[in-house]
C-alpha cells in the first residue's frame, strides 16, 4: 500500500505501511520542501514516482526508512545518489538527515 502522508498516521495505518517489508520496516521518501512523505512500497523508486506525480520536485526528495523494531531512522536509498550533490546512497548532509528524521518521526508518530 503506497500512501502519500501529510498528517500523522494512526497505529493501524502504521502497521499497514509496514506490511510490505516484513511488518517491521517502512521505506520512506520524503519531500523536505512540502513536508510530506510517501511510504508503504517495496521500492523507494515507486514512492519517488508517486511524489513526482503529485507535484514534488526531484531535488527535494530523499529516501530512507524507519525500523519499528530498532526504533531508528535509516538514510539510505539509491535515489539519494546525486553526483556533485550527494555522492552516496546515504544522506550525507547532517541538516538533511536531521530534517528527514524529524519529518518521518512526526508523520509516522514514532
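Does the stretch 60-94 hold any residues that are part of a helix (DSSP H, G or I) and touching a residue at least 24 places away in the same chain (Cβ under 8 Å), and which are they?
60, 78, 79
So which of 84, 65, 55 ends up being out of contact with any helix residue (DSSP H, G or I) (no Cβ under 6 Å at 6 or more places or on another chain) and under 23 Å from residue 22 (Cα atoms)?
The conditions single out 65.
Pairs, please: C-beta under 8 Å, at least 6 apart or cross-chain, first residue modelled with pLDDT under 95 and in the stretch 98-110, second surrounded by 21 or more Cβ atoms within 10 Å (Cβ to Cβ) and assigned to a helix (DSSP H, G or I)?
From residues that are modelled with pLDDT under 95, the pairs are 110/104.
Have a look at 41, 18, 30 and point out the one that is at pLDDT 95 or above, part of a loop (DSSP other than H, G, I, E, B) and surrounded by 13 or more Cβ atoms within 10 Å (Cβ to Cβ).
Going through 41, 18, 30 in turn, just one is at pLDDT 95 or above, part of a loop (DSSP other than H, G, I, E, B) and surrounded by 13 or more Cβ atoms within 10 Å (Cβ to Cβ): 41.
The values are calculated or read from the model by the stated rules, or taken from the named source; none is laboratory data. Keep in mind that this is a model prediction, so the values were computed, not measured. Cβ atoms come from the backbone with ideal geometry, glycine included; neighbour counts cover every protein chain shown.
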